[in-house]
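Shown next, in structure tokens, is the structure this report addresses.
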Amino acid sequence: MEINFKNPQRDVRLNRPYLGEIVSKLVETEFSEFEGEACFHLVSKKRMAEVNYEFLKHEGPTDVITFDLAEDPNRILFLAEIFICPGVAQEQAVEFNTTWQDELLRYHIHALLHLQGYDDLTPNELKLMKGHEERIMTKARDAFQIQKIGKD
């Protein structure tokens, strides 16, 4: 799977190449069946609020929005556009007592799980999805220095 990143936001300083390395390795090891292309757009809270309203009719920014444009019923071939908000990751990291770097990586994993067919609309679906999310986050923490996603 080809992974691309666009980082037009300037609110949070990122080590984009290192983030890309982590996400690419996770795709290779945890989502190896994926074919196609995914573009991660790292956007400001203002831009995320615009996307959230334009496509979902929800007010305000959110953490991650995943669009699968290929709509492959087999959940293998993707043309995905994924919007992630680092500014929201900073806010939610405080709320969830974690680092914003951990939270940001979690959003990438969350989006990939959506592409794999997982959903979070019901309590049971959310529990299942969060279990997979945490399993992959644990592997990422063991393999990478996640705090290096941030730049000083």
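For ARG47, the criteria (1) in contact with a strand residue (DSSP E or B) (Cβ under 9 Å, 6 or more places away or on another chain); (2) more than 17 Å from ARG13 (Cα to Cα) hold in every case but one, which is (2). Note on the range 77-129: among residues that are touching a helix residue (DSSP H, G or I) at 6+ places or on another chain (Cβ under 8 Å), charged (D, E, K, R) and part of a helix (DSSP H, G or I), the one that is surrounded by the fewest Cβ atoms within 10 Å (Cβ to Cβ) is ASP102. Filtered by the rule that a residue be within 14 Å of the chain's Cα centre (by Cα) and surrounded by 15 or more Cβ atoms within 10 Å (Cβ to Cβ), the range 1-19 gives ILE3, PHE5, ASN7, ARG16, LEU19.
Yes/no per residue for (1) in contact with a Cys (Cβ under 9 Å, 6 or more places away or on another chain); (2) at pLDDT 95 or above; (3) not polar (S, T, N, Q):
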site: SER44; (1), (2), (3): yes, yes, no
site: GLU71; (1), (2), (3): no, no, yes
site: PRO86; (1), (2), (3): no, yes, yes
site: GLN90; (1), (2), (3): no, yes, no
site: GLU103; (1), (2), (3): no, yes, yes
site: HIS108; (1), (2), (3): no, yes, yes
site: LYS127; (1), (2), (3): no, yes, yes
site: HIS132; (1), (2), (3): no, yes, yes
site: PHE144; (1), (2), (3): no, yes, yes
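Within the range 66-85, track down each residue that is closer than 13 Å to PHE40 by Cα and without any contact (Cβ under 8 Å) to a residue 24 or more places away in the chain. PHE67 - this is the single residue of the range 66-85 that is closer than 13 Å to PHE40 by Cα and without any contact (Cβ under 8 Å) to a residue 24 or more places away in the chain.
What about ALA70, is it closer than 20 Å to ASN4 by Cα and part of a strand (DSSP E or B)? No, not satisfied.
Considering only residues in the range 31-57 that are closer than 23 Å to ARG135 by Cα and more than 14 Å from the chain's Cα centre (by Cα), the one that is surrounded by the most Cβ atoms within 10 Å (Cβ to Cβ) turns out to be PHE34.
Identify, please: which residue in the range 136-152 is under 15 Å from SER24 (Cβ atoms) and among the aliphatic types (A, V, I, L, M) and is, among those, surrounded by the fewest Cβ atoms within 10 Å (Cβ to Cβ)? Looking at residues that are under 15 Å from SER24 (Cβ atoms) and among the aliphatic types (A, V, I, L, M), I get ALA143.
The values are calculated or read from the model by the stated rules, or taken from the named source; none is laboratory data. None of these values were measured; they are calculated from a predicted model. Heads up, the Cβs are rebuilt from the backbone with ideal geometry, glycines too, and the neighbour counts pull from every protein chain shown.
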